[in-house]
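Read through the structure below, which is laid out as structure tokens, and then see the notes.
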Amino acid sequence: MATLPASEPAWLAGLNPAQREAALTTEGPLLVLAGAGTGKTSALTARLAVILGQRRAWPSEILAVTFTNKAAREMRDRLAAMIGAEAEGMPWLGTFHATAARMLRRHAELVGLTPGFTIIDPDDVERLLKRLIGEAGLDERRWQARHLAALVDRWKNRGWSPDDVPPGESFAFANGRGAALYAAYQQALRALNTADFGDLLLHMLTILRSHPDVLSGWQRRLRYVLVDEYQDTNAAQNAWLRLLAAPAHGGHGNICCVGDDDQSIYSWRGADVGNILSFETDFPGARVIRLEQNYRSTQHILSAAGGVIARNGARLGKTLWTQAGDGEKVEVIGVWDGPEEARLVGERIAGLLAGGAPADSIAILVRAQFQTREFEDRFIATGLPYRVLAGMRFYERAEIRDLIAYLRLVQQGDDALAFERILNRPKRGLGDRALERIIRHARQTGTTLPQAAQALTETDELAPQARRSLARLLADLRRWRAAAPKLAPAALLELVLAESGYLAMLEADRAPESQGRIENLRELGRAMEDWPDLTAFLDHVALVMDNERDTESPKVTLMTLHASKGLEFDHVFLPGWEEGLFPSQRALDEGGAAALEEERRLAYVGITRARRTAAILHAANRRIYGQWTSAIPSRFIAELPPEHVAQHTTMTGGASLWRAAVFAPDAPFADAGRAAGRGAGWQRAARHGVQRPATIEARATATTIGAMPRGDLGVGDRVFHQKFGTGTITAQHANRLEVAFDHAGTKMVLDSFVTAV
Ligand code: ATP
Ligand code: MG
């Protein structure tokens, strides 16, 4: 056996004894079970370097599974920094999907595919399922393709082929025909020589189970198996790992999994934390190493997170300590409403940047995607560099772009791109064929698409049904255009959402993400309320979209809690800790007490991303469709140990009462067992405390707080704007200016986008 050089490399010498053991115990099964920031990923990477450095295996003989492609890249980089060129060419370092796909290419014919099989995208999956549902004589409106797609995905995550689906599960669709449809779907995929995401693993499972020669080939080939974020593996992934490495299947048993049961946050995607619990059964003689020193966070941050997660029932339990010192207490900040929350976080970040903190050492972690909007708008307005990670920027999401396209058409009837985008969204029988005809007609006659469309409603070129549908769309657009000047922008949005059938389309959709889309559209309504008219709003959107050119310089990160797993930042902001938003009411409605525990794990993940400071925010009021709704602080706030928390509120008046309510020992959510209800005492305190009814006055205050004007500009001043050129200010509303531009007409712009000339 080769050994490492006599003088140990710095990366190995720098590990603590437990990490060292994890890195150097290369033979036999090993489970590293440890809390956040204890250096699990670091130890796993060191172990990889040891295996390669000791020449126990070639790079092509190690399977190393990471949670995201980004994590795989990082591991590769760190490895290169440790051992240099040895690290190159690790074909089996990547996510479950990526590595399984690569394997499947070599055996495709064993499941009826050719090596060049394609991977089908989710839109095509739905189309295919829809056809199959129709062919089975079922009503496609009642039995929706999206619902079946979600079920099939769930079954695949469990490692079930159509024959394995238990009758009870099959009954989840079309009175028990679920499994038969699943079988027909698999047949159809094969005929198309294509596989969906779930198939990548499932097919490999099938092959390894039914072809002992293939299995033993891979067992010999992949001599070491390493898995990060093991707590979030699903049944299919775990079965695949067992086949490749477990002695019961003839494997070598050289498998090392690292994870933290307290960070299991993907059960909604089929992840099963039970995999950690059964590791010692699956791999007899497994060693379990616990890491206890946290290298990431200060004591206050660790203890605050520890206090919250301690409320969970089903835990393996871990000790965590740090040498980083007490540091600053976790802040809990109460604000009046969402705009103030965004303003406050923006100001804090500006202060950190001014103090020399790099922008990329700061993150804002949200529970729901739509929450990024308020921050994005604020950051655009103040010129703060930001990016949205592992998710889309608000205005780039499909549903938002669809509605923006509708609105652009209302504003400006000749917008060809917008017209093309919404023509068949929702579906109204104007598919590709109709679009082709319209485009051809536009070309032949030299008119715009909407004009050509109008012309085609008066000829018989289109099928009668398509013609009627087109005429109706054009009439809708005309009607909305006529109504627009009399309506506030948000009301116009509501009208379009309702009359176009777009909202109904999402509401009828049972796919898990459609609810999030509806939330995003509601948030769009809230965004529009900040603008006096549609033109001003659409100009703003154009500028937001323009803003994302520079990809080089460091940026503040906005992302969901789910996507933040495994990452760390010096400064973390956690906004929106309010009942209903976090914990998410939707998750609780669907999953009950188990879901509450998962939400709590998310809180734990969020706080433990912070190295130096963590600030939790909650607003007393949220605005939904122009209505102010009182919000109750998240029960997780009451679970934070008071000695590790510093509370502030930017509100006056009822704040002290509010504080008493949150931190009182008998606060309604202090007891984790009382998961479901909202205590009456809580609501009483809320009513008499900060939850003042929203008055016109309150609204006015909130708006002013949310948007401080620049002091150096006034009506009559000449200004320059990058997009619209020079002009004269004709009116000023908070941080928005009405400017009569010399060549671009009168527009509403944000004052941070102009310079005085
Ligand atoms: P998570 O649970 O969030 O995935 P983790 O357990 O994987 O965290 P790492 O990301 O590996 O933890 O490490 C957390 C931080 O601690 C990193 O900044 C890492 O560089 C640092 N670190 C890890 N081990 C040591 C060590 N022995 N000495 C000093 N710093 C360390
Ligand atoms: Mg990690």
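Data overview
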item	result
Failed criterion for Thr25 (all others in (1) within 15 Å of ligand 1 (Cβ to nearest atom); (2) closer than 16 Å to Val227 by Cβ hold)	(1)
Tally, over the stretch 307-329, of residues that are closer than 13 Å to His644 by Cα and in contact (Cβ under 8 Å) with a residue 60 or more places away in the chain	5
The stretch 404-422, residues that are within 20 Å of Asn520 (Cβ to Cβ) and either surrounded by fewer than 20 Cβ atoms within 10 Å (Cβ to Cβ) or not assigned by TED's automatic domain parsing to the domain that holds Arg522 (or both)	Ala405, Arg421
Some residue of the stretch 296-303 being outside any helix (DSSP H, G or I), buried (at least 18 other Cβ atoms within 10 Å of the Cβ) and away from ligand 1 (no atom under 16 Å from the Cβ)	no
Within the stretch 540-576, tally of residues that are at pLDDT 90 or above and within 16 Å of ligand 1 (Cβ to nearest atom)	15
Of all residues making up the stretch 731-756, the number that are under 12 Å from Gly711 (Cα atoms) and of a type in the set (Asp, Glu)	1
Filter result for Ala108 (within 30 Å of Leu63 (Cα to Cα), in a helix (DSSP H, G or I) and out of contact with any helix residue (DSSP H, G or I) (no Cβ under 7 Å at 6 or more places or on another chain))	yes
Single residue of the stretch 214-235 satisfying the filter (within 16 Å of ligand 2 (Cβ to nearest atom) and not β-branched (Val, Ile, Thr)) that is farthest from Gly253 (Cα to Cα)	Asp232
Qualifying residue in the stretch 2-20 (condition: on the phi > 0 side of the Ramachandran plot and away from ligand 1 (no atom under 13 Å from the Cβ))	no
Cβ pairs under 7 Å, 6+ apart, first in the stretch 610-630 and farther than 30 Å from Ala324 by Cβ, second modelled with pLDDT of 95 or more and among the acidic types (Asp, Glu)	Ala619/Glu341; Ala619/Glu578
Meets criteria (without any contact (Cβ under 8 Å) to a residue 60 or more places away in the chain and not charged (D, E, K, R)) for His203	no
Any hit, the stretch 33-46, residues being surrounded by fewer than 24 Cβ atoms within 10 Å (Cβ to Cβ), within 16 Å of ligand 1 (Cβ to nearest atom), at pLDDT 95 or above and farther than 14 Å from Cys257 by Cα	no
Filtered residue count, the stretch 360-415, keeping only those that are within 25 Å of Val749 (Cβ to Cβ), at pLDDT 90 or above and small (Gly, Ala, Ser)	1
Selection within the stretch 274-300 - within 30 Å of Gly592 (Cβ to Cβ) and either touching a Lys or Arg at 6+ places or on another chain (Cβ under 9 Å) or at pLDDT 95 or above (or both)	Asp282
Subset of the stretch 550-593 (residues that are of a type in the set (Gly, Ala, Ser) and out of contact with any strand residue (DSSP E or B) (no Cβ under 7 Å at 6 or more places or on another chain))	Ser553, Ala563, Gly566, Gly580, Ser584, Ala587, Gly591, Gly592, Ala593
Of the criteria (1) surrounded by 18 or more Cβ atoms within 10 Å (Cβ to Cβ); (2) free of Cβ contacts under 8 Å to residues at least 60 places away in the same chain; (3) not assigned by TED's automatic domain parsing to the domain that holds Ile616, which one Ile276 fails	(2)
Elements of type helices (runs of 4 or more DSSP H) contained in the stretch 1-92, each with 1 or more residues being assigned by TED's automatic domain parsing to the domain that holds Asn234, within 16 Å of ligand 2 (Cβ to nearest atom) and in contact with a strand residue (DSSP E or B) (Cβ under 7 Å, 6 or more places away or on another chain)	17-24, 40-53, 69-83
Test: Phe537 is surrounded by 19 or more Cβ atoms within 10 Å (Cβ to Cβ) and either modelled with pLDDT under 90 or farther than 22 Å from Asp337 by Cα (or both)	yes
Count of the stretch 245-290 residues which are among the hydrophobic types (A, V, I, L, M, F, W, C) and more than 15 Å from ligand 2 (Cβ to nearest atom)	12
Verdict on Gly306 being buried (at least 19 other Cβ atoms within 10 Å of the Cβ) and not assigned by TED's automatic domain parsing to the domain that holds Ala18	yes
Neighbours by Cβ (under 7 Å, 6+ apart or cross-chain): first from the stretch 497-519, in contact (Cβ under 8 Å) with a residue 24 or more places away in the chain; second surrounded by 15 or more Cβ atoms within 10 Å (Cβ to Cβ) and aromatic (Phe, Trp, Tyr)	Ser500/Tyr406; Glu519/Phe370
Every residue from the stretch 427-442 that is among the basic types (Lys, Arg) and over 19 Å from Arg468 (Cβ atoms)	Arg440
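The values are calculated or read from the model by the stated rules, or taken from the named source; none is laboratory data. Remember, predicted model here, so these are calculated numbers, not experimental data. Here the Cβ is made from the backbone with ideal geometry for all residues, glycine too, and neighbour counts use every protein chain on show.
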